[in-house]
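One structure below.
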Ligand SMILES: Nc1ncnc2c1ncn2[C@@H]1O[C@H](COP(=O)(O)OP(=O)(O)OP(=O)(O)O)[C@@H](O)[C@H]1O
Ligand SMILES: [Mg+2]
C-alpha cells in the first residue's frame, strides 16, 4: 500500500535536513506504529506524505498503491485514499463542521467519479458516525474545531476519517490529550475501519493506544530515520526503558 | 419648470470670471423641488460654502474624488443578461423599482402595506404640506459637521427621485428598493427619507444596478425604540462609480443594523454617519466586499457619534482584494462628554489574495467621557496556508478551499445580519459568485 524509500527532506526556507533516508513499507491490511523521540521527524514524514508546503524532497520516493505521491496535489492524494489525522487539528472560524465534512466527502467522491451524497444521505451518515464517537449535534454545527477541547478535536479527526473512508490512514499522535474513555472511542473508531484493503500508520508516544489497536509492526524513528523495526513488544520496551537503550544499540551496530 | 430660487443660487457667487465653475458644471440642471425646494436651496448653499472635495482633504486622501466630481460620466454598456440573477427574488417583500434613478410605477408593487406609508419622493414633494418639507435634508445637514460631506449636500440639492417612507408600526414585510438601468450613461441621484415612529420596525433591502454613476443618500430618523434593518447589495457586472451615504439618528433604545455587500464595481465609497444622541441606542454597521482588478476601489467611511448614555455601536468591515484592487476603511467613534457607558467596537480587515492589492485603514477613536469601553482593530492578511492545507488534505480542491476560507473571513460581517433567511441569501450569493468566478479568488 504505502512505500517510502530512502526519503530525504529539507526545509524550504532553511538549509536544514529533517528526514535523512526514511524507508518504510506498510502493506494493505496492516497496522504499523511509529514511535520516536520528540523532534525525530515523525510529523514531518506525515506532512510530506500529505503534501504540505515548506518541505523539499531532496532524495527518495513515496508511493501509494504504486502512484507517485510526491508528484500529486494534496487533494489528489486524499482522493487517492490518503488521510492524515493531524497532531494539531486546525481551527477554521466561519466554516461549519458540517459544510466542511460534506464538501470534503463530496469532493473526494467526485474526484473518484462517484455520485455525490445528497443532503439527506450525508446527514444520516454523519449522525451515525458521530454518535459512535460520542460527538454531539451541537459540535457538528460549530465552526471547524473552533472552541473544541483538545480531545474533541482529536475525535473530530477520527470522525472525518470515518466519513472519508480512506485506504491509507496516518494518525499523528491522535491519542495525545485524550482521556481514557475518549482513547477507547478513538481506538474503536480505528478498529471499526480495519480491513484487508486498508492500512494504518499510527504515530504515538504511548503504549496505551497500541493496547487497543494492536500493531503488526512497530518502527522507531530517530534523527530523521527509521532506526529499528519490530513487533508489538518493541513498544513495550520503549514504554519501560525509554529510547536510550535502543538508540545506543543502533549506534553500536 | 425650473425653480427660480434654486437657479439664483446656482449662479457662481465666488470667483466668477465668466467660465462656469466645476460645481456648476457638475450640477447641471437641478430638478424642480416642490415641498423640498427650500431644503434643496439650503443644501446648495451648504455645498457652495464647502466646495467639492479635493484629493488633499483629510477624508479624501485615500479615495480620489474626481470620478464623483467629473461633470460627466463615461457610459457603461447596459447588458441586462450580464451580472447576477436578482437577489431577494424569493423573499416576500414589497418592491419599489427605480429605472435610471426615477420611480417606475409600472414595475413596482402596489405601495400599500400595513404599518407603513410609502411614496416616491417625486410625488411626496408635490403634495402640499407633506412632512417631507421639514425632514428632507435635515439629517444630511446635521451630518456635515464636524466632517463635510459635499456629495451628500449635492445629492440633497439635485436628487431626481427617491422614496419617502413613514413607518408607523411593524412593516408587514421587507421593503426592497430595486435599481434598474436602461440608459448607458445614467447619472443617478436618488434620495430616500425614512421616518420610523416609536416602536416601529422596518427591513429595507436595496439591490440592483444603479447606473453608470450613482449618488444615493438615505436619511433615517428612528424614534424611541424603533428598529431599522438595512441590507444593501448592489449588483456586480459593470464598473460602476458609486457613492452612498446613510445618515441615521437614533432615538432612545432605537436599533439600527446596516449591512452592505459590494462585489467588484469601479470606484465606490459608502459612508455611514450615525448620531446616537439618545440613551441606550444600538447601531451596527457592517460590510463585506470582494474586489477583483485594478479598477476596483472601495471605500467604507463611517462616523459614529455617541452622546447618549449606554450606547452600543459596532463597525465590522471585511474586504477581499485581488489583482490590484484597493480597499479603504475610515472609521471613527466619537464619544462626547457625558456619553458614559458607551460600548464602541470597530474592526476592519482585509484579505489580500495577492501582493498587488492593497488595504488602507484609518481607524479613529476620539473619547471625551471617562467611563466607556471602546476598542478598534485593523488587520491585513493573506490566506491562512495552514487552514488551506488542512482543507486540501481532506480532498477539498484548492479553489474550493479558498472559497471556503474567503467565506470564513467574511462570516463576522455577515453575522451582523439578524434575519437568518436574508443572511443565508447573502451568503449563497457570495458563494455562487466565488464559485462561478474561481479565477477571481486565486
Ligand atoms: N517548518 C519548520 N520550521 C523549522 N523547523 C521545523 C519545521 N518543521 C519541522 N521542523 C523541525 O524538524 C524536526 C522534526 O520535527 P517533527 O515535527 O517532524 O518531529 P516529531 O517527531 O513529530 O516530534 P514530536 O514527537 O515532538 O511531535 C524538529 O527539530 C523540528 O523543529
Ligand atoms: Mg509530531
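Listing for the model above:
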item	result
If the convex hull is drawn through the Cα atoms of chain A, its volume per residue in Å³	128
Förster-model FRET efficiency, 41 Å R0, residue A:249 and residue A:197, C-beta, rounded to 0.05	0.70
Separation in nanometres of the label points that stand 7 Å from Cα toward Cβ, at residue A:12 and residue B:145	5.8
Between helix B:420-436 and chain B: long-axis angle, C-alpha atoms, 0 to 90°, nearest 10	70
Euclidean distance of C-alpha centroids, region B:319-343 and region A:179-253, integer Å	54
Overall Cα dimensions of region B:91-238 - principal axes, largest extent first, Å	41, 40, 31
Net lengthening on full extension, residue A:59/residue A:25 (0.36 nm per residue, minus Cα-Cα)	10.5 nm
Mean-position separation - Cα centroids, region A:57-123 and region B:161-195, in angstrom	48
Highest to lowest packing among A:92-99, A:73-80, scored as the average C-beta count within 10 Å	A:73-80, A:92-99
Average beta-carbon neighbours from other chains, 10 Å sphere, peptide B:379-386	2
The protein assembly as shown: radius of gyration and largest Cα-Cα distance (Dmax), Å	31.1, 106
Sorted peptide list for A:150-157, A:137-144, criterion being average Cβ within 10 angstrom, highest first	A:150-157, A:137-144
Neighbouring partner chain Cβ atoms per residue of A:45-56, average, 10 Å criterion	2
Cβ neighbours within 10 Å from other chains - mean over B:404-414	3
All Cα pairs of region A:106-244, percent lying beyond 26 Å	32
Among B:366-377, B:208-219, B:316-327, the order from most to least packed when residues are scored by Cβ within 10 Å on average	B:208-219, B:316-327, B:366-377
C-alpha center-to-center spacing [region B:402-435, region B:247-273] in angstrom	18
If the convex hull is drawn through the Cα atoms of region B:31-384, its volume per residue in Å³	131
Degrees between helix A:97-111 axis and first principal axis of chain A (Cα, 0 to 90, nearest 10)	80
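Every read-out reported here was derived from the displayed coordinates using simple, explicitly stated rules and does not represent laboratory data. Please read these numbers as outputs of a predicted model, since none were measured by experiment. Don't worry about glycine lacking a Cβ; one is built from the backbone with ideal geometry, like all the others, and counts go over all protein chains shown.
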